[in-house]
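Below you'll find the structure, written out as structure tokens, and then a few comments.
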Amino acid sequence: MIVVDAIGDACPIPVVKARKAIKEMAGAGKVCVLVDNDIAAQNLKKMAAQLGYGASSRQEGSGRYEVLLTIGNAPSADPEMDEAAFSCDCEAPHDAVKKGKLVVITSDCMGEGDPALGRQLLKGFIFAIAQLDELPEAMLFYNAGARMTCAGSAALEDLLLMAGRGVEILTCGTCLNHYGLTEKLSVGGVTNMYVIAEKMLGAGSVIKP
Amino acid sequence: MADSQEIEFCKGGGCTAKLGAGVLERVLSRLPKAAVDENLLVGYDSSDDAAVYRITDDAAFVQTLDFFPPMVQDPYTFGQIAAANALSDIYAMGGVVKTALNIVCFPEAMELDILGRIMQGGADKVVEAGGVLAGGHSIADSDVKYGLSVTGIVDPKRILRNNSGQQGDVLLLTKPLGVGIICCADRVGMASEEAMKAAVESMTTLNKYAAEIVARYNVGDASPIHACTDITGFGLLGHLHELLDGRLSAVIRQADIPVLPDALAYADEFLLTAAAQRNRNFVGQGVCFENAPFAMEELLFDPQTSGGLLLSVAPEVAEELLADMHYAGIDASIIGSLTAKGDDGYEVYVR
């Protein structure tokens, strides 16, 4: 079981932390979230009810609440389970990857203007994609976008997370070579222009930030 | 850490920082009642937006006070929002703004320039409201908080109460909903620039312009403007509960609820405030959601900072009032109507 410490965190942070832990678990299991107020516990249970997770909570002394979230088919072991939150329990999480959706990252910046801002935005964009319920089928990185999949990239953690959940991550080999990054590739595989062209023409939708 | 350009976020800024209505009612009900003063036309007994005290037959003070921690990082914008929110209570009572006093809590260690920009934002809104900034009070505190105490005047015959709606009235809302959800998403870096821009624009917009149009209709012995309140921390459903006064029911048409960009998407991502859950706990029992998606439920409980006016008006004038508002560039909507109180335990039906 994963324990998420959200003591001292204001809403919506306990929910955001819990969902991150659930995503990292990538399958059935239990996540125990510690919060310091009943309203935060209620918001966690509200989220669980909507997503079909089991949820039970109990107060552990003053200012400490434990919310046990049960994801997938694992039965809840908690005797004090909240009936209402179990209304649509026991549904395995569906496949996270959306077929036919392709994200292309062509630069280490998002949008035109201040490059420092652009780098920040791109990092935020990749983080946001990693939080989505439906992930793209593949992400292609070329030209300066190749920097994103290499050591030192601010988005590496999110990309590794997505790779772990089945997103195909491919970086242009010519580009890695051009920027002297061939040895530094840290997530996904290397690809070439034939594959890039094939993937882009074959995709249902190509998303370029 | 905050740099010299930005203020640090507090745990839950804006009207999400309000104490829950349930808690508040318990405390207020235990306070000793002062001797009755017949000139106190609106006090806290009616949980209205501001207090109104009659000084002559045709003039009364409207007094209000509102302050809260930041919900945006830009100090000037925060000042504007806090001031627009405080000034709104005067408009919700049908009054005009006269004087305002600053209320400031500010950490001693923080850049004084930040305070200057907060107060500049506030002062600009007071000027826009046609009022005079007349002083204030500041104390050193661990977190930033800012707001105004505002005094306005109103003709006692033109006071707009928040609980005097009539059966058959049409409900008109003058700003879209969703600022609480969007600011909540922004706190965890998940709000889009477009959504945040729209939320800030909405929060910094004075209810003055809507109130001036309402005032044109609030005339005659049988004014068609029956009730008015502004939507703040208790959300649309919390403030509607006060408006219904235990006497009436309301039907809200979800398709007609105006929504800020992306707010529903963030609600579906559970980027929800504690205040929205407190609002649900307080009034949710009385709300019957008929086929409303989860995100719509959350939107209706969403605490608004510097939200719009909610008006309960005679159906004969509703369309004309709406058209006048649209002509003035106000994003107003007719969202439902008031009906006789049913006996099924619900007071609001969301259809």
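No lab work stands behind these numbers, since they all come straight from the coordinates. Just so it is clear, the structure is predicted and the values come from calculations on it, not from any experiment. As a convention, Cβ positions derive from the backbone with ideal geometry for all residues, glycine included, and neighbour counts pool all protein chains shown.
Using a cutoff of 8 angstrom between alpha carbon atoms and counting only pairs six or more residues apart, the relative contact order for segment B:47-192 works out to 33 percent. Going by neighbour counts of Cβ atoms within 10 Å, the residues B:183, A:109, A:11, B:105 line up, fewest first, as B:105, A:109, A:11, B:183. Here the extension length gained between residue A:99 and residue A:174 equals 24.3 nm, from 0.36 nm per residue of separation less the Cα-Cα distance. Sparsely packed loop sites in segment B:271-351 (the GluC sites (Glu not before Pro) outside DSSP H, G, I, E and B with at most 11 other Cβ atoms within 10 Å) comprise B:290. Residues whose amide H comes within less than 5 Å of that of residue A:135, counting only those at least five positions distant or on another chain, are A:97, A:98 (H built at 1.01 Å from N in the peptide plane). By the rule of a C-alpha distance below 13 Å, with chain neighbours fewer than 8 residues away ignored, the aspartates and glutamates paired with residue A:123 are A:108, A:157, A:158. Using a 10 angstrom cutoff on alpha carbons, build the Gaussian network for chain B and name the most mobile of B:172, B:31, B:133. Looking only at B:172, B:31, B:133, the biggest GNM fluctuation is shown by B:31. Computed over segment B:248-324, the P(r) curve from all C-alpha pair distances, binned at 10 Å from the origin, holds 15, 45, 31, 9, 0 percent per bin.
Ranked by how many other Cβ atoms sit within 10 Å of their own Cβ, fewest first, the residues A:32, B:184 fall in the order A:32, B:184.
Given a cut-off of under 8 Å on Cα pairs at least six residues apart, what relative contact order in percent is computed for segment B:195-269? Relative contact order, segment B:195-269: 37 percent. Placing pseudo-labels 7 Å out from each Cα toward the beta carbon at residue B:341 and residue A:62 gives an inter-label distance of 3.8 nm. Label-to-label distance for residue B:188 and residue A:195 is 3.4 nm, based on points extended 7 Å past Cα in the beta-carbon direction.
How large is the helix-only mean residue ellipticity at 222 nm for the protein assembly as shown, computed as the sum of -39500 (n - 2.57) over DSSP H runs with n ≥ 4, divided by its residue count, in deg cm²/dmol to the nearest 500?
-10500 deg cm²/dmol
Is the shape of segment B:191-253 rounded, prolate or oblate, going by the alpha carbon gyration tensor and its root eigenvalues a ≥ b ≥ c, with a/c under 1.5 for rounded and a/b larger than b/c for prolate? Note, shape of segment B:191-253 comes out oblate. Per residue of A:40-46, other chain Cβ atoms within 10 Å of the residue Cβ number 4 on average. Amide hydrogen proximity for residue A:169: with H placed 1.01 Å from N in the peptide plane, the residues at 5 or more positions away or on another chain lying under 5 Å are A:139, A:189.
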